[in-house]
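Presented below is the structure to which this report refers.
The values are calculated or read from the model by the stated rules, or taken from the named source; none is laboratory data. Every value quoted in this text rests on a predicted model; they were computed, and no experiment measured them. Don't worry about glycine lacking a Cβ; one is built from the backbone with ideal geometry, like all the others, and counts go over all protein chains shown. All accessible areas refer to the heavy atoms of the entire protein, side chains included, with ligands and DNA or RNA removed. Shrake-Rupley method; radii C 1.70, N 1.55, O 1.52, S 1.80 Å.
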Amino acid sequence: MKILFTGDVFFNPSKDDKKLIIDDGIKTLFSSCDNICVDLESPVAGKNEKKLEGKISPCLKQDKERLITLFRSFGEGKPDRIICDLANNHIMDYGEDGLKETKAMLDENRIAYTGAGRGREAYAPLVLEKDGVRTGIAAAAEPGFGCCSSEEETGFARYDSREYYRTIKKLKDECDFVIALVHAGLENETLPLPEIREHYRFLIDNGADMVIAHHPHIIQGKEDYKGKKIYYSLGNFIFDSSSGKGESNCRSIVLELDIKKENDIVIREIPSQYKSGMIETAASGEGIEKEFADATKSLMSDDYDELITGICCKHLERYKDYYYYAIGAERNNIKNLVIALKRCLKGNDRFDENWMYHNLVIDSHRWTLRRALEARHTKGRTFD
């Protein structure tokens, strides 16, 4: 059984140039596999769907036509070879209606999906079987706006929930090979946070045979843990910028797993890029393989703690703004004085619960801020 895994896929309907060219190398790669699993980074939503109430970060929705073109090309007329991972921080951007429309589109094209739904449905895994070998796939994401926290809620599966852990354990009892798909981490940095590493290792201790992750938007490294692989971020496979002007960080690693039996698995790491509307396997001169190797080297280096602390300190300024916004303030002292006077005169409470939720419930934000502040107060670190 050959399964291919890609990073984030997002086609912006506002993109100026909507051409999509799939080169022969990608077509050959995908045609050789039994299944192709892509991270569908946002819903397909029509004009009538409303954005998720209270969400702080931008709300995204897919260009349906280009997405279907991609699926049909990869599926070679058999789109049921495609699997969509719906567990991510944007899939609920247009609420339950957006998720419902997305699932209807996937059902219409006979495309399997996992990672989002109502209550336990969000945690329902996929099991693939060929030649007597069963592979289980369980998808979940870092908590945030749109996550499913109870059996009454509709949203994406949480990577820190007991239900997710139970799903992995159950798959381990039923399958030869179990893959945990996770959407989490600090964006646009080549190193994962220590807490993310600890959590992915816990998933392996809990029964997963491999962890494949995305969300940081760029390539991160890999590591072996107890003889099992953890890929911290495959990068963006196809991702149009939120402005619609072009592509955004579209350099990635595509994973091909040839699973013959439990202890006989061959892994290929194929560099790819999306540029000027074309998705292609990247030539060696593009440097993607070196980028992946360097990220892995930094991950495993003795300087990892110092490097990740430096990254967290760099992000402190961004998080300061987040907390200013939560209390209805800005950095500018004069503006804050005006805001305070207006608040006193009108008796308004400017505390923004949505911003505070954004700051506290998203693990990567909280862990990054805490590490930066600890560096300041315990190590005398400056935030330059």
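Of all residues in region 25-34, those being in contact with an Asp or Glu (Cβ under 9 Å, 6 or more places away or on another chain) and open to solvent by 10 Å² or more (accessible area, probe 1.4 Å) number 5.
With respect to (1) touching a residue at least 24 places away in the same chain (Cβ under 8 Å); (2) within 21 Å of TYR357 (Cα to Cα), the lone exception for ARG158 is condition (1). When every residue of region 254-273 is checked against the conditions, none turns out to be open to solvent by less than 60 Å² (accessible area, probe 1.4 Å), under 18 Å from GLU187 (Cβ atoms) and in contact with a strand residue (DSSP E or B) (Cβ under 8 Å, 6 or more places away or on another chain).
Cβ-Cβ distances below 6 Å connect the following pairs, each with a first residue in region 90-109 that is touching a residue at least 40 places away in the same chain (Cβ under 8 Å), a second residue that is β-branched (Val, Ile, Thr) and open to solvent by 10 Å² or more (accessible area, probe 1.4 Å), and a separation of six or more residues or different chains: GLU96/THR154. Reported count of residues in region 208-249, each being open to solvent by less than 10 Å² (accessible area, probe 1.4 Å) and not acidic (Asp, Glu), is 20.
When LEU191, LEU181, LEU171 are checked against the criterion of being modelled with pLDDT of 95 or more, open to solvent by less than 10 Å² (accessible area, probe 1.4 Å), part of a loop (DSSP other than H, G, I, E, B) and within 29 Å of PHE292 (Cβ to Cβ), a single residue qualifies: LEU191.
Summed over region 158-192, the residues that are of a type outside the set (A, V, I, L, M) and within 20 Å of CYS148 (Cβ to Cβ) give a count of 14.
Listed by first and then second residue, the pairs with beta-carbon distance under 8 Å, at least 6 apart or on different chains, first residue in region 33-49 and under 15 Å from ASN236 (Cα atoms), second open to solvent by 10 Å² or more (accessible area, probe 1.4 Å) and aromatic (Phe, Trp, Tyr), are LEU40/TYR113; GLU41/PHE239.
When GLU53 is tested against (1) open to solvent by less than 40 Å² (accessible area, probe 1.4 Å); (2) assigned to a loop (DSSP other than H, G, I, E, B), exactly one condition is not met: (1).
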